[in-house]
Structure formats: C-alpha cells, structure tokens
Amino acid sequence: MNWLNFFDTKPTQLRHPFGRGINATISPDEEELFNKSYVAFEKQDTLQAYEYFFKSLENFSGDISNNNITYNKEDDKLNFVIYQGSARIVGVVTPEHLYAEVIMIKKADAEVALKRYILERNYQLTYAYYFSDDEHIKLKLYHDNITASPQKIFFPLREIALNADFDKEYLKTEFPNITLQDTEHLVKLDESELKIKYDFLHIWIDELEAKILTLPTNDNAGMQAFLYLHILLKIDYLLVPKCEIYQKINKKIQRYFSDEGLPTEAKNEKLNKYITKLKEMSFKDFSTKFYNAKYTFNPMEKTSLEEISNFISESLIKIRWYKNNRYTQIIPTIYKYISFYILFNYGLNPVIKSLMHTLVEIQNPAFFEAMDYSPLYDEEKNIFAKKTIISKIDDAITPHLGQYKSLESFGDELNFSSLNEFNNSYLLELKHLNFEEI
C-alpha cells in the first residue's frame with residue numbers, strides 16, 4: 001500500500017458477500033412497484049400484480065440486476081424462479097392460485113431420522129409443507145389468489161425460501177452422506193479466496209489463544225466470553241461459511257445466550273472446544289463449507305433503532321466498567337464484538353447495515369486488505385483514511401435523505417485520535433440517527 005496516497009483512496013464497492021441475508025441493493029423503485037402491485041390486485045389483474053411484486057423483490061450489484069428472481073408470462077400464467085442461497089424456488093401463478101416448490105433430496109436417500117425431521121418441520125411451518133413425489137422430497141407452497149395482496153403473498157414466499165435454504169444446509173450438516181438436489185446454481189469460491197479465509201481463520205485463533213494468556217488469572221470469565229463470542233461472530237460475518245460451520249456457529253451462539261442456568265466458565269469451555277475443532281480442520285474439508293449464491297429475502301425481521309441503541313448503550317457501560325477497573329486489554333475486542341453482534345443479531349435497515357459494515361472494515365484492516373480492498377485504518381501508525389471514511393458515511397446516508405428528513409451525516413463529528421476513541425464516537429453517532437419518515 002502506498003501510504004502517500006492513503007488519504008486519497010476512493011470508496012470501493014464491495015465485491016464479496018459479507019454476513020447473512022441480501023448483500024445487494026434493492027430496486028430504487030421498490031416502494032412504487034409494491035404499491036402498483038397492490039393496486040393491480042385490487043383490480044383483480046392478478047398476473048400484472050405478481051409482475052410488479054416480483055420486480056419489487058429484484059436486487060442489484062451496482063446497476064446490474066442479480067437475477068435473484070426471474071419470470072416469464074405465458075398466456076394466462078406466469079412462470080417464476082426465486083433464488084435463496086441453496087434453494088431454487090420454482091413456481092407458477094395463474095389468476096386463481098400460486099404454486100411453488102423446492103426440490104430437496106431424492107426420495108430413495110431419505111433414512112428414518114431424516115423422515116422424522118421432515119414430519120416435525122411440517123408442524124412448524126405455517127404456509128409451506130413437505131411432500132414426496134415418485135422421485136424427490138420437496139417443500140411446496142399453494143396459495144389462493146382470490147383475496148391476494150402483496151402483503152399476503154410476501155410472507156408465504158419468504159417462508160418457503162428461507163426454510164428451504166435453512167433445511168438444505170441442515171440436511172447437508174446432519175446427513176452428510178445424502179446428496180442435495182437442484183444445486184447447480186451455487187458458485188464455488190476461487191481457491192485463492194478460500195486460502196485467504198483459511199489463513200485468517202488460523203491467524204484469528206492464534207491471536208485469541210495469545211490474548212487469553214494475557215488475561216488476569218482470576219475473575220476472567222467475562223473477558224473470555226467476549227473473546228470467544230467475538231471470534232465466532234467474526235468468522236460468520238467476514239468468512240461467511242455455509243453448511244456445517246454456519247449451522248454450528250449459529251447454534252452455539254444462540255445456546256450461549258439462551259442457556260442461563262449454565263455457568264459462564266462452562267459456556268466458554270464449549271466455545272473453546274469448537275474453536276479448537278475449527279483450528280484442526282484441514283483446508284480440503286474447510287473448502288467444502290463455502291459457496292456463493294443469490295438471495296431474495298433477509299432472514300431477520302426489521303429491528304427498531306431503539307433496540308439497537310439500547311444494546312449499544314448497555315455494551316458501552318460494560319466497556320466503561322472494564323476501563324475503570326483497568327482491564328483495558330479487552331476493550332478493543334468488545335468494540336469489535338459490538339459491531340459483529342449487531343450485524344449477526346438484528347434486522348438492519350440499509351443505512352445502519354452499510355454504516356456497520358464500514359465500522360467493521362475500519363476495525364479489521366488486515367483482512368480487507370488481503371481481500372484486495374483499500375485499508376481504512378493503519379494499525380501500526382494509528383492513521384485513518386479520514387476522507388474516505390467520511391465519504392463512505394455520506395454514501396450510506398445521502399441516498400435515503402428523501403425518505404428520512406432528519407437523517408444527517410456525521411463523519412465530521414468523529415474522534416480520529418485513536419481506534420478506541422473512534423469506535424466510541426462512531427457508536428454514539430449511530431445511537432442518535434433519526435429515521436423519522438417524511
């Protein structure tokens with residue numbers, strides 16, 4: 001990196017998916033298309049209503065459509081395909097009904113335990129359900145269009161898409177000898193990218209093990225918890241593993257917070273054992289846990305700014321406690337943990353999601369530079385790419401000023417004296433964003 005040009009670095013469009021959900025921008029006409037769909041449904045122009053609705057679900061990389069949803073009109077019906085990770089949802093719309101299905105596995109491959117799982121899933125789903133034909137086990141959806149509206153079709157389609165994707169990855173994890181069907185749309189990662197991710201997995205684990213040794217010998221369970229949770233959240237967001245690694249990380253983080261009866265030390269030990277397994281994983285095995293795919297629906301419901309703000313406030317209180325008690329070595333990790341946890345746990349609007357990703361880029365410069373992004377922070381010299389950071393903040397906020405009249409950019413208000421001070425000022429500014437709509 002030529003540090004003479006550091007401050008002139010331009011914001012770079014993301015070329016890789018990070019985190020879960022849609023790593024793309026929705027159509028700028030999304031709201032207008034949704035409203036047109038509503039009007040068409042009221043006029044009982046069903047096929048036109050579905051066309052508007054499908055267009056509203058399309059997402060883009062820059063100005064180029066990701067073709068995450070495709071359709072074609074054929075006389076009195078509309079054929080469509082929706083992509084959601086490992087799932088390809090194929091369906092048809094007529095004036096009377098909507099039908100969609102996802103091919104999961106071959107019927108002949110289903111063992112007893114798998115059949116039991118599928119039967120249990122049918123009790124958990126609201127709109128979709130499993131069935132088998134002569135050859136395959138499929139997840140399907142049937143919806144009557146007599147009283148259809150964009151709201152009424154959104155949730156059934158979202159359910160079949162999200163659950164088909166989840167179940168395919170779950171089946172691949174729990175029944176590794178079974179071959180998933182209809183996965184030709186998945187794209188393998190380049191070996192060079194996989195190698196970078198594998199190397200950083202080991203760098204982060206080595207850093208974790210070294211940091212554990214620096215902690216005080218007594219009363220360090222809370223600090224260890226931040227370290228273990230942080231690395232799992234980092235792996236999930238930055239490396240974006242699929243299948244077994246994703247399933248295990250997601251389950252372990254959820255159980256960590258839900259199992260209130262287990263002592264923190266015991267929870268930490270469980271996380272430590274899994275991290276050790278990741279460290280021992282061969283590159284060949286690691287490489288099978290990744291693919292790129294298109295996504296149409298976000299897996300999490302939208303979260304209010306108030307809930308996110310409360311989490312930031314509670315986390316900053318913990319940082320002040322560690323600072324006041326002179327456990328300063330854990331503070332940088334907690335700031336990173338806050339960023340990754342928000343991205344993992346909450347359904348973020350496009351503004352907050354983009355702003356949080358920018359913070360993650362600043363906090364993890366080595367990884368992003370290895371992935372061929374211009375670094376936003378030089379850890380050794382404590383130098384920020386200030387102009388670029390401010391520009392990225394403006395780029396996240398400016399497109400939404402027409403919708404949120406009180407939203408203001410805050411790049412000039414940040415404290416660039418150190419990374420800790422920057423993190424603190426950035427999170428405080430996030431807390432005070434105003435999303436009051438016009």
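Filtering segment 224-238 for residues that are charged (D, E, K, R), farther than 22 Å from His16 by Cβ and assigned to a helix (DSSP H, G or I) leaves an empty set.
The rows are residues; the columns are (1) among the hydrophobic types (A, V, I, L, M, F, W, C); (2) assigned to a helix (DSSP H, G or I); (3) at positive phi; (4) modelled with pLDDT of 95 or more.
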{"residue": "Ala148", "(1), (2), (3), (4)": "yes, no, no, no"}
{"residue": "Leu157", "(1), (2), (3), (4)": "yes, yes, no, yes"}
{"residue": "Asn163", "(1), (2), (3), (4)": "no, yes, no, yes"}
{"residue": "Lys172", "(1), (2), (3), (4)": "no, yes, no, no"}
{"residue": "Pro176", "(1), (2), (3), (4)": "no, no, no, no"}
{"residue": "His185", "(1), (2), (3), (4)": "no, no, no, yes"}
{"residue": "Trp204", "(1), (2), (3), (4)": "yes, yes, no, yes"}
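What number of residues within segment 392-408 satisfy the criterion of being under 14 Å from Leu355 (Cα atoms) and surrounded by fewer than 16 Cβ atoms within 10 Å (Cβ to Cβ)? Final tally of qualifying residues: 6.
Residue by residue through segment 289-303, note down the ones that are assigned to a loop (DSSP other than H, G, I, E, B), farther than 28 Å from Lys195 by Cβ and not acidic (Asp, Glu). Correct list: Thr296, Phe297, Asn298, Pro299, Met300, Thr303. Of all residues in segment 58-93, those satisfying the criterion of being crowded, with 19+ Cβ neighbours inside 10 Å, aliphatic (A, V, I, L, M) and closer than 22 Å to Ile105 by Cα are Ile82, Ala87, Ile89. You will find that of Tyr291, Tyr322, Tyr274, the residue that is touching a strand residue (DSSP E or B) at 6+ places or on another chain (Cβ under 8 Å) and either of a type in the set (Ser, Thr, Tyr) or open to solvent by 30 Å² or more (accessible area, probe 1.4 Å) (or both) is Tyr291 and no other.
Name every residue in segment 419-438 that is outside any helix (DSSP H, G or I) and surrounded by 12 or more Cβ atoms within 10 Å (Cβ to Cβ), in order of residue number. Even if it seems obvious, please write down each step before you answer.
Residues of segment 419-438 outside any helix (DSSP H, G or I): 432-438.
Leu433, Phe435, listed by residue number.
Scanning segment 37-57 for residues that are closer than 20 Å to Tyr99 by Cβ and not in a helix (DSSP H, G or I), we see that the one that is most open to solvent (accessible area, probe 1.4 Å) is Gln44.
Total residues in segment 80-97 satisfying the condition of being within 26 Å of Glu169 (Cα to Cα) and part of a strand (DSSP E or B): the figure is 11.
For Val187, indicate whether it is loosely packed, with under 12 Cβ neighbours inside 10 Å and under 28 Å from Asp372 (Cβ atoms). Break it down into steps so the answer makes sense when it comes.
Working: loosely packed, with under 12 Cβ neighbours inside 10 Å: yes; under 28 Å from Asp372 (Cβ atoms): yes.
When the stated conditions are applied, Val187 passes them.
Candidates in segment 336-373 are the residues that are aromatic (Phe, Trp, Tyr) and either farther than 30 Å from Gln403 by Cα or not assigned by the TED database to the domain that holds Ser409 (or both); of these, the one that is surrounded by the fewest Cβ atoms within 10 Å (Cβ to Cβ) is Tyr373.
Does Phe34 count as open to solvent by less than 40 Å² (accessible area, probe 1.4 Å) and touching a helix residue (DSSP H, G or I) at 6+ places or on another chain (Cβ under 7 Å)? For Phe34, the condition - open to solvent by less than 40 Å² (accessible area, probe 1.4 Å) and touching a helix residue (DSSP H, G or I) at 6+ places or on another chain (Cβ under 7 Å) - is not met. Leu189 meets each of the listed conditions (1) among the aliphatic types (A, V, I, L, M); (2) in a helix (DSSP H, G or I); (3) over 18 Å from Arg326 (Cα atoms) apart from (2). Contact list please: Cβ distance under 6 Å, first residue in segment 257-269 and in contact (Cβ under 8 Å) with a residue 24 or more places away in the chain, second residue open to solvent by less than 60 Å² (accessible area, probe 1.4 Å) and part of a helix (DSSP H, G or I), pairs at least six apart or on different chains. The qualifying pairs are Thr264/Ala221; Thr264/Ala225; Glu265/Ala221; Lys267/Tyr256; Asn268/Gln224; Asn268/Ala225; Asn268/Tyr228.
The values are calculated or read from the model by the stated rules, or taken from the named source; none is laboratory data. Model, not experiment: these values are computed from the prediction. Every residue, glycine among them, receives a Cβ derived from its backbone with ideal geometry; neighbour counts consider all protein chains shown. These area figures cover heavy atoms from the full protein model, side chains too; ligands, DNA and RNA do not enter into them. Shrake-Rupley method; radii C 1.70, N 1.55, O 1.52, S 1.80 Å.
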